[in-house]
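Colleague: Mind having a look at this structure? Questions to follow.
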Amino acid sequence: MGQENDESPESALSDGWLFTRDAAVIDTDGFFHIISRKRDTIMAGENSVFPRDVEEVLYDNSKVLEIVVVGISAGGAGQRVKAFIVLRPGTSLSKDEPLELCRKRLEVYAMP
């Protein structure tokens, strides 16, 4: 899957691969299965954010099929939260819909 270079937004996608920083295995059919997280927290400044907490909020939208939340570099301020969303077939989602869910239930530092 390539090397983890840095945690800049540009490094989240490289050579067609999404670097979630999770540990995964590939089965005999070529499907990947995430088995563990390499890092359980995102350090947003002085605050810890658990990716699963953000994912659970976003899964409350019935249009979301799958999601992964990762931390990306925010310069000297640690990391910021980034969410990658896969929609259910035949649905569409505005940028504001998932953000509105997050605004209602997450602290500002945990917002993707």
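Colleague: Apply 1/(1 + (r/R0)^6) to the Cβ-Cβ distance of residue 111 and residue 23, taking R0 = 25 Å, and write down the FRET efficiency to the nearest 0.05.
Modeller: Computed FRET efficiency for residue 111 and residue 23 comes out at 0.45.
Colleague: With an 8 Å cut-off on Cα pairs and a minimum separation of 6 or more residues, tell me the relative contact order of the stretch 9-110 in percent.
Modeller: 22
Colleague: For the stretch 9-110, count the residues as N, evaluate 2.2 N^0.38 Å, and divide the Cα radius of gyration by that value, please.
Modeller: After normalising by residue count via 2.2 N^0.38 Å, the value is 1.13.
Colleague: Using Cβ contacts closer than 10 Å as the measure, can you line up 35, 72 from fewest to most? Please report the intermediate quantities before stating the final value.
Modeller: Details: 35 9, 72 18.
Ordered from fewest to most neighbouring Cβ atoms within 10 Å, 35, 72 come out as 35, 72.
Colleague: Are there GluC sites (Glu not before Pro) in the stretch 12-112 that DSSP marks as loop and that have at most 12 other Cβ atoms within 10 Å, and which are they?
Modeller: On the way: sites: 46, 55, 56, 66, 100, 107; in loops: 46, 107.
For GluC sites (Glu not before Pro) across the stretch 12-112 that sit outside H, G, I, E and B with at most 12 neighbouring Cβ atoms in 10 Å, the list reads 46, 107.
Colleague: For residue 88 and residue 50, calculate 0.36 nm times their separation in residues minus their Cα-Cα distance, and state this gained length in nm to one decimal.
Modeller: So the chain would gain 11.3 nm between residue 88 and residue 50.
Colleague: Measuring from label point to label point, each 7 Å out along Cα→Cβ, what is the residue 104 to residue 43 span in nm?
Modeller: That separation, rounded to one decimal, is 3.4 nm.
Colleague: Most exposed first by the Cβ proxy, i.e. fewest other Cβ within 10 Å, how do 86, 54, 70 rank?
Modeller: 86, 70, 54
Every number in this text was worked out from the coordinates using simple rules, so none of it is lab data. Note that the coordinates shown come from a computational prediction; the quantities given were computed from them, not determined experimentally. Backbone-built Cβ (ideal geometry, glycine too); neighbour counts: all protein chains shown.
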